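Here the structure comes first, spelled out in structure tokens, and everything after it is commentary.
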Amino acid sequence: MAKQTFILNGKTITVNVNDDVRVLWVLRDLLGVTGPKYGCGINVCKACTSHINGRAFNPCSVRVGDLKPQDRVTTIEGLPKTVGKELHPMQQAWIDRDVAQCGYCQPGQIMAAVALVKKTRREGRSITDHDLDTIRNICRCGTYMRIREAIEQGARNMK
Amino acid sequence: MSPSAQDHQPESTGTNPGLSRRSFVGYVIGGTTLVAGADFALGAGPAAAGGIPSAPQIPELYDLEDLQTDSAAPTAGLITVKIHPDGTASFAIPRSEVGQGITTSTAMILAEELDLPVSKVHVTLAPARPELLLNQLTGGSNTTVSTYTPIRVAAAIAKGALLDAAAIELGSVVTRLTSHEGIISAPDGSSVSYGDLAEKAASSQTKRVEVQLKDRASFTIIGTPRNRDDARDAVMGRKKFSMDLDVPGALPTMVCRPPTLNGSPRKLLNKGAILKMPGVRNVATVETGVAVRAATFGQCIDAIRAMKVEWNKGSVEGESDKTILARLRKAEVPLAVPAVPILAKTVEADFTFMFRSSAALEPNCAVADVRKDKATVWAGLKVPILAQQNIAKALGLPDDAVKVHVVTSGGSFGHKLFSDAAIEAAKISQAMGAPVRLMWHRADEPRQGRLHPMVTSRIRATHLAGQVLSFEQRNTSVVTDFSHGLGERLSAMTAELPAGLGAMGLSQSIFALTQELPYNFGAVTQLLDETDERFNTGSMRNIYSPDTTVANELVIDQLAKQMGMDPLAFRLKFIKSDIVKEALQKVADEGNWGRKMPAGMAQGIAVHKEYKGCTAVLVEIDARDKTVNRDIREAVTGPRVTKAVMAVNVGLVVNPTGLEAQMIGGFSDGMALTLTSSCHLRDGHFLEASWDNYFYTRQWNVPPSMEVHIMASDSDQPGGAGEAGVPASAAAVACAYARATKTMPTVFPINHGTISFKPKSFIPPVPVSPTNGLKLTY
């Protein structure tokens, strides 16, 4: 076992676990952070989408040993804090549009949406239908239409 | 979605003022705070009396909704609404919340009758309640249909007791009091809150009480849009699913499963080595495979991949889609030759619907803590009473030694009617002597989990002189498993069923109870034959209707073409029911039916009638090469539905926001059934192992434009919503595709012939988790 240190939702944490355990299991099974969900374990369904240093990543496909002590991991639980509010504008949009059905995929959807909006802004443009088409997160309840509407609203309210 | 999408209820006509309103009986239950109860079977109407005339089909008079509602009648179990000193009300619904929104809609129904803000009504999921006998099954879009009356009665009795207590408290009489948002006021301006009355209104003994329910005309909550009660928890990552529960000692557990369908383990050859792997605590061989319990699921996956297991053969060794289809063909009963005039023309069609996976995004999972003399299980279960009985049987414990908690599910779609994971978890916990948090790997789902069976549907229709003379449909299917309890409910009801049904087998009866061709087509027969019990099957967001509706509506387009009529005009001419016609006309108007489209693009239109209501769907599809082959990284693209317009009539609407959500989701499912999602059986196993093999609807398939119109209804009864959106959506997409490509598809989904992925390994049965995630950030 090795000591693994990284920043989780703003706090430096250290956990004893082998290097090759994927970050998703470190979060869920060892740290009790259950916002990121399991849906496939092979970076296909994207239910575990979280952020690393402000960009979307899938903890099911990253070895904990590959995290550096200064890496900032943000899960859905830590998203509001990144804007210093009770809710991130994307979460508020999700509530306003009543997006969730079973809700299992929604933490991942929201984290993906925030990263996508930021990415298009880095590219100096706003989000398009084509960008929405490239979102890979599965919603097995099929509430894709409301996800699209909520992202547009959330994007408008993101600083 | 346009804001106009929700065409709300019209001003209600209420009940006929000339008639006195019906009273219901309920109880104030003895206790220290106010508890009101009602028989959960209330509101179940008597079955249609007398024989069934030949013209109307069975569902027009008595359908699966009636069956499920009526079969509750002999049960004596009460449901109870409790009023707390903090002014809130609580109710544990004996149904399962799987995303369909019933906790929200139930809180609305209770709040309406209680005159309490919805936010003060807390609805939780009841654990298995054996005393409810058969009446704890969530399925068939039946929850609101069957619970609407009893929960209102319980709420009305609670409010009555509050008013009685308030009259004493305020020195007034009940008839002069008014209740509003949890406060009861007297004409002199004095008032008292429900919280203050909760204990005063309690009764020392149980009393029988008679009440009347509110008129629809006075509703202020039912029929108004309301967001989900768990929306905030869901978006904050706080909503707890089974695998998020903190049960002490319940470590991650997974199963190494056989390489072929329903195989079984003979021997684990390297148990010692597996037990030495990092994090691994226990290994146990059970009927379904070799279970491993470890500190993390990742270490379970590693252990499964390292296991060397000798396997017994599976249930369909060597078989493939082709051999199963050949078996179905053999079981097909010839269509009857209809007695029609010799000059009548015939339309014949023969469709095949492949195996499909009903798996939700939350895989099969359960937490189990089995001790020597008792067991506790937590899982998303739609039939918890049967789960409790089956778990007790599997463990060799009495039923009452097993406590079964119902946890909100991450989706169901029929999958959670079965308690496969709960039973398996209990067995593993018993074998290991330790609590377990069992989760199926995604790869286990399509390969060993429940599938919707392969089915063929043959249709022969005849017409002459502008009239359809006969319409015969004969489905032949791999057996659908009904061991989740609907069967028991049906057999309990056999004597009460309409004439003719009792003589049928179980699946034939359910087929007959659900299938209603809503057209005047002369002699209509729809029958089901089944064969082959070797697969793990189940219902999938409806039982038979998506397949039969696709088949029917495609043939209806063929009939229209042969008879020289427009598909819309043809349907409007032959549809029997006004509500179906109105819904169809609505989507035709809103969707601009008949507008000119470029070659390779087309509109399609379809209807479906079930669940005490109906749906109509219009779509536009783009099947041009440049669209079909559009480039999305590692995606199956195919034809794109560019527009969808839905209209739904479910009678009395409780929550239009939730109803619209169910229609949106139903559309995504229906489109996938027609275009993209299926499982391929080859050499005794299914090839699919994850979402990159099983092509459920993704963002790149979603129509850029979509509208849902809720049809006004003056009905006093709510219908079903969860499954209602699927059949007409699947059918409209199929009809549009046929018109765009000028070829009627006969195998579904249309892409089944192409295997667009490299199958993942069968030994080991689960794929390795990637390590390149940091290279794929965005």
*Within segment B:639-658, how many residues are surrounded by fewer than 24 Cβ atoms within 10 Å (Cβ to Cβ) and in contact with a strand residue (DSSP E or B) (Cβ under 7 Å, 6 or more places away or on another chain)?*
6
*Of the residues that sit in segment A:97-117 and are free of Cβ contacts under 8 Å to residues at least 60 places away in the same chain and facing chain B (nearest Cβ under 7 Å), which one is nearest to the chain's Cα centre (by Cα)?*
A:Ile110
*Out of (1) in contact with a helix residue (DSSP H, G or I) (Cβ under 6 Å, 6 or more places away or on another chain); (2) more than 13 Å from chain A (Cβ to nearest Cβ); (3) part of a helix (DSSP H, G or I), the odd one out for B:Met671 is which?*
(2)
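Out of B:Leu328, B:Leu269, which single residue is buried (at least 20 other Cβ atoms within 10 Å of the Cβ), of a type outside the set (Gly, Ala, Ser) and at pLDDT 95 or above? Even if it seems obvious, please write down each step before you answer.
Numbers: B:Leu269 fails: buried (at least 20 other Cβ atoms within 10 Å of the Cβ).
The unique qualifying residue is B:Leu328.
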*Among the residues of segment B:682-708, write down those that are surrounded by 24 or more Cβ atoms within 10 Å (Cβ to Cβ) and more than 14 Å from chain A (Cβ to nearest Cβ).*
B:His685, B:Phe686
*Considering only residues that are at positive phi and crowded, with 23+ Cβ neighbours inside 10 Å, look in segment B:384-433 and name the one that is nearest to the other protein chains (Cβ to nearest Cβ).*
B:Gly411
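Condition check ((1) basic (Lys, Arg); (2) under 27 Å from B:Arg305 (Cβ atoms); (3) modelled with pLDDT of 95 or more) across all residues:
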| site | (1), (2), (3) |
| --- | --- |
| B:Thr376 | no, no, yes |
| B:His415 | no, yes, no |
| B:Ser419 | no, no, no |
| B:Ala426 | no, yes, yes |
| B:Thr456 | no, no, yes |
| B:Ile459 | no, no, yes |
| B:Ser477 | no, no, yes |
| B:Phe482 | no, no, no |
| B:Arg489 | yes, no, no |
*Single condition B:Lys742 does not satisfy, out of (1) within 26 Å of the chain's Cα centre (by Cα); (2) closer than 24 Å to B:Phe351 by Cβ*: (1)
*Which number in (1) in contact with a Lys or Arg (Cβ under 9 Å, 6 or more places away or on another chain); (2) within 14 Å of another protein chain (Cβ to nearest Cβ) marks the one condition that B:Ala740 misses?*
(2)
*Counting residues that are closer than 30 Å to B:Glu317 by Cα, which strands (runs of 3 or more DSSP E) fully inside segment B:151-270 reach at least 1?*
B:251-256, B:264-268
*Within segment A:136-159, can you find the residues that are assigned to a loop (DSSP other than H, G, I, E, B), on the phi < 0 side of the Ramachandran plot, within 7 Å of chain B (Cβ to nearest Cβ) and without any contact (Cβ under 8 Å) to a residue 60 or more places away in the chain?*
A:Arg140, A:Cys141, A:Thr143
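Results for (1) surrounded by 23 or more Cβ atoms within 10 Å (Cβ to Cβ); (2) more than 27 Å from the chain's Cα centre (by Cα); (3) of a type in the set (Ser, Thr, Tyr), shown as yes or no for each residue.
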position	(1), (2), (3)
B:His441	yes, no, no
B:Gln448	yes, no, no
B:Met454	yes, no, no
B:Ser457	yes, no, yes
B:Gly466	no, yes, no
B:Val479	no, no, no
B:Phe482	no, no, no
*asked:* Tell me the residue from B:Val309, B:Val290, B:Val286 that is away from every other protein chain (no Cβ under 14 Å), more than 27 Å from A:Val26 (Cβ to Cβ) and crowded, with 22+ Cβ neighbours inside 10 Å, please.
replied: B:Val309
*Verdict on B:Ala234 being of a type in the set (A, V, I, L, M) and within 14 Å of chain A (Cβ to nearest Cβ)*: yes
*Only one of these is farther than 30 Å from B:Leu34 by Cα, loosely packed, with under 15 Cβ neighbours inside 10 Å and within 14 Å of chain A (Cβ to nearest Cβ): B:Pro278, B:Pro248, B:Pro252. Name it.*
B:Pro248
*asked:* For segment A:55-77, give me the residue count where each residue is of a type in the set (Gly, Ala, Ser) and more than 9 Å from chain B (Cβ to nearest Cβ).
replied: 1
*Determine whether B:Thr525 is modelled with pLDDT under 90 and either farther than 20 Å from B:Val580 by Cα or touching a strand residue (DSSP E or B) at 6+ places or on another chain (Cβ under 8 Å) (or both).*
no
*asked:* Please go through segment B:628-664 and give me each residue that is closer than 21 Å to B:Trp593 by Cβ and modelled with pLDDT under 95, ordered by number.
replied: none
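For segment B:230-240, which positions are surrounded by fewer than 20 Cβ atoms within 10 Å (Cβ to Cβ) and either over 21 Å from A:Leu30 (Cβ atoms) or of a type in the set (A, V, I, L, M, F, W, C) (or both)?
Step one: list which residues in segment B:230-240 are surrounded by fewer than 20 Cβ atoms within 10 Å (Cβ to Cβ), which gives B:232-233, B:238, B:240.
The answer is B:Arg232, B:Asp233.
Find the residue count for segment B:734-751, including only residues that are in a loop (DSSP other than H, G, I, E, B) and of a type outside the set (Lys, Arg). Steps first, answer last, please.
Quick first cut of segment B:734-751, residues in a loop (DSSP other than H, G, I, E, B) only: B:742-746, B:749-751.
Checking the rest, the ones that are also of a type outside the set (Lys, Arg) come to B:743-746, B:749-751.
Number satisfying all stated conditions: 7.
Just for segment B:326-358: of the residues that are in a strand (DSSP E or B) and more than 34 Å from the chain's Cα centre (by Cα), which one is farthest from B:Ala731 (Cα to Cα)? Steps first, answer last, please.
Narrowing segment B:326-358 to residues in a strand (DSSP E or B): B:345-353, B:356-357.
Still in the list and also more than 34 Å from the chain's Cα centre (by Cα): B:345-346.
On the way: B:Lys345: 24, B:Thr346: 21 Å.
For segment B:326-358, the residue satisfying everything is B:Lys345.
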*asked:* Whether any residue in segment B:713-724 is closer than 20 Å to B:Lys586 by Cα and either within 14 Å of another protein chain (Cβ to nearest Cβ) or without any contact (Cβ under 8 Å) to a residue 60 or more places away in the chain (or both) is what I want to check.
replied: yes
*Do you know which residues across segment B:119-133 are polar (S, T, N, Q) and over 15 Å from B:Ser409 (Cβ atoms)?*
B:Ser119
*asked:* Given (1) touching a residue at least 12 places away in the same chain (Cβ under 8 Å); (2) at the interface with chain B (Cβ under 8 Å from one of its Cβ atoms); (3) β-branched (Val, Ile, Thr), identify the lone condition not met by A:Val15.
replied: (2)
_For the condition at pLDDT below 95, hydroxyl-bearing (Ser, Thr, Tyr) and not in a loop (DSSP other than H, G, I, E, B), what is the one hit in B:Thr106, B:Thr138, B:Thr144?_
B:Thr144
*asked:* Any residue at all in segment B:684-701 that's touching a helix residue (DSSP H, G or I) at 6+ places or on another chain (Cβ under 7 Å) and at pLDDT below 95?
replied: no
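Limited to segment A:113-128, what total is found for residues that are assigned to a helix (DSSP H, G or I) and not polar (S, T, N, Q)?
Keep residues of segment A:113-128 that are assigned to a helix (DSSP H, G or I), which gives A:113-122.
Narrowing further to those that are not polar (S, T, N, Q): A:113-119, A:121-122.
Of the residues in segment A:113-128, 9 are assigned to a helix (DSSP H, G or I) and not polar (S, T, N, Q).
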_Let me spell it out: the conditions are (1) among the hydroxyl-bearing types (Ser, Thr, Tyr); (2) in a helix (DSSP H, G or I); (3) out of contact with any helix residue (DSSP H, G or I) (no Cβ under 7 Å at 6 or more places or on another chain), and B:Thr754 meets all of them except one. Which number is the exception?_
(2)
_Failed item, numbered, when B:Ser677 is tested on (1) out of contact with any Leu (no Cβ under 9 Å at 6 or more places or on another chain); (2) of a type in the set (Ser, Thr, Tyr); (3) within 7 Å of another protein chain (Cβ to nearest Cβ)_ = (3)
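The values are calculated or read from the model by the stated rules, or taken from the named source; none is laboratory data. Remember, it's a predicted structure, so these values are computed and weren't measured experimentally. A quick note on method: Cβ atoms are made from the backbone with ideal geometry, for glycine too, and the neighbour counts reach across all protein chains shown.
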